[in-house]
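As structure tokens, the structure follows; a few thoughts come after it.
The values are calculated or read from the model by the stated rules, or taken from the named source; none is laboratory data. Values in this document were obtained by computation on a predicted structure and should not be read as measured data. Note that each Cβ is placed from the backbone with ideal geometry, even for glycine, and that neighbours are counted across all protein chains shown. We work out accessible area using only protein heavy atoms, side chains counted, and drop any ligands, DNA or RNA first. Shrake-Rupley method; radii C 1.70, N 1.55, O 1.52, S 1.80 Å.
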Amino acid sequence: MSLKLTNSLTKKLETFRSLNPGEVSIYCCGVTVYDLCHLGHARSYIVWDVLRRFLISQGYKVTFIQNFTDIDDKILAKATKENSTMTQVSEKNIKEFHQDMDTLGILRPSRMPRATRCLDGIREMIQKLEEKGAAYSVDGDVYFAVMKHSEYGKLSGRDLSEQQLNADGRIDKEEGARKQHPFDFALWKAAKEGETSFSSPWGHGRPGWHIECSAMVLQELGETIDIHLGGSDLIFPHHENEIAQSEIANDKKLANYWLHNGMVNVGGQKMSKSLGNFTTIRSLLQEGISPMTLRLFILQAHYRKPLDFTKESIKAASTGWQRLNSALCLGLISHQKLKWPKPVTQQKTISDLNSYVSSERLSKASQQFKDALEDDLNTSIAISVLFDLARPLRSLANQIERGVSDLGAEKNNKELHLRWMLLVSLANILGLQPELPQGKESNQGHIYSESEIIEAIIERKAAKLSRDFAKADNIREELKDKGIELIDKKDGVTDWIRK
RNA sequence: GGCGGCAUGGCCAAGCGGUAAGGCAGAGGAUUGCAAAUCCUUUAUCCCCAGUUCGAAUCUGGGUGCCGCCUCCA
């Protein structure tokens, strides 16, 4: 089998073939940097991170370009409101963006162009479009003439003649009068008095939104790329317009594969800034939801379908993640007890799967995992393979926790070790990385010191020995209130963890 | 009005013509003084109607309901 992806351009599942063997060029639409990212952004970038990780695991050299839109009305509005500048607002939010994405374990793009740093390319492309008669200027604005692109509408399935124009009456009247066709869109917008602007052959102004992506793709990757990514809400008009501009300017197909992710919904409605029903990544993390929980939550659904966000579904993902994680952590925590080779710290790279596959059962799991991802990134199935692999490992982790001395026969142990290695490396393709439990030493902010806890444990043990269970339970409860959980192990030792 | 998507157990969610993955929650059992964790077992005929087929959640037609895009948007 080989990788199959649903191409928005053809609306079909297609076998993926890259332009250059062994190499993949990807452009992913990034964010407008005027605020923090929400869960919807997280979904998009996590899903595409998995695509990228999977391609890498299959031996491709992936060039992944993602832009920052740092010229925009909303950024300007924010700058005015905060009495700062467009650059300051952008810089701040780019920093925040990186913080969130790094926390979620999203691989950094190969390069991240910004509109402000791509102005030459933008101006050149607009000029080219003018030369080809596909653009016209009116009072310092420059518009793209959609009628010049015979294939206009091929991505979004729209027929210009059948569209109900100005469906919601939101087209600006003045602007409408300047346009030759209501669907024409701005390539360059003349600056109003006192606005932040950039010079151009058409006077001072700012680039339109769509042109930056066309210019960046050309600048960073060339005329035709393998894969273009984005949210399904970008299909029209953004990607449609991008295609029109690039394909007229370059006389080449812009991208062979267009992939779009589904939206995150809240109560059946799209999560968005304008509806105000969004939850930022930052706030979820601050609530104590782990980054990997978010990943699991997002990857349990297929990337093209809408995904409903509720507290309950996040809670379910959180419990699921804790269990999966206990298996993932096993070899990191207990390799000495198990006499396993010391693991190579955290696996930063995406390793070759085959090196861990020895037994038939493991190789089958590995194959199932690969088949699932090759089938239009069926992460849901891939996760079920992970849970299957994890089951015996969790059991083992539990035995160790309880202080069971006999850790099974040697051959079993070896198989379990390989199983663990396979689990870790497959999980890594989904970007699911072990989160080691908080160390006992990291106790800032806690009221109980370690010695106090040990004292309490000794006291409780004495109570238990004298069969004063009420007292023993009281001590347990008291500690629990302070976030310390006691675990009685098989060998009579009581362990504790901070929650 | 145009284009597109979705409807599967209490919840989330796979399934792409061969007799319903997985996760969460629940139930029963094992273990435990209790608790936590773990292990085992267990819970569906797929929105409705009609058709194609030996066989359909999966294909076709018709309903119903929800959602997205047509404005900025991951």
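Working note: Karplus 6.51/-1.76/1.60 with θ = phi - 60° gives region A:236-246 the couplings 10, x, 4, 6, 4, 5, 4, 4, 4, 4, 5 Hz, where Gly and Pro are set to x. Place a label point 7 angstrom from the Cα of A:Glu401 along the Cα-to-Cβ direction, then list the residues of region A:458-494 whose backbone nitrogen is under 16 Å away. Residues A:484-494 fall inside that zone. Each residue was assigned an accessible area with a 1.4 Å probe, and for A:Met271 the value is about 10 Å².
How large is the accessible surface per residue of chain A, computed with a 1.4 Å probe and reported in Å² as a whole number?
Details: 24190 Å² over 499 residues.
It amounts to 48 Å² per residue over chain A.
Note on A:Asp468 and A:Gln286: the extension gain reaches 61.5 nm, defined as 0.36 nm multiplied by sequence separation minus the Cα-Cα distance. Ordering of A:371-377, A:237-243, A:315-321, A:7-13 by packing is A:237-243, A:371-377, A:315-321, A:7-13, highest average first (other Cβ atoms within 10 Å, averaged per residue). The accessible area of A:Tyr34, taken with all protein chains in place and a 1.4 Å probe, comes to roughly 40 Å².
Angle of helix A:450-465 to the longest C-alpha principal axis of chain A, folded into 0 to 90 degrees and rounded to 10: 40°.
Rank by packing, highest mean first: peptides A:218-228, A:195-205, with packing defined as the count of other Cβ atoms within 10 Å averaged across residues.
Working: A:218-228: 20.3, A:195-205: 15.6.
Packing order, densest peptide first, comes out as A:218-228, A:195-205.
The HN-Hα couplings worked out from phi for region A:265-281 by the Karplus form 6.51 cos²θ - 1.76 cosθ + 1.60 (θ = phi - 60°) are 9, 10, x, x, 10, 4, 6, 7, 4, 5, 7, x, 9, 9, 10, 6, 4 Hz, whole numbers, x standing for Gly and Pro. Reported to the nearest whole Å, the Cα centre-to-centre distance from region A:188-216 to region A:463-491 is 68. Relative to the longest principal axis of the Cα atoms of chain A, helix A:410-429 runs at roughly 20 degrees. For helix A:311-334, what angle does its Cα long axis make with the longest principal axis of chain A, in degrees from 0 to 90 and rounded to 10? Taking Cα atoms only, the helix is inclined about 60 degrees. Separation of region A:322-337 and region A:57-107, taken as the distance between their Cα centroids, equals 35 angstrom. Roughly how many percent of the accessible protein surface of chain A is carbon and sulfur, given a 1.4 Å probe and a whole-percent answer? For chain A, the apolar C and S fraction of the accessible surface comes to 48 percent.
Just how large is the dipole of region A:4-261 about the Cα centre, in debye to the nearest 20, putting +1 at every Lys and Arg Cβ and -1 at every Asp and Glu Cβ? Please report the intermediate quantities before stating the final value.
Working: 32 positive and 37 negative charges, 138 e Å.
Roughly 660 debye, rounded to the nearest 20.
Summary of packing: across the peptides A:22-29, A:84-91, the per-residue average of other C-beta atoms within 10 Å ranks them, highest first, as A:22-29, A:84-91.
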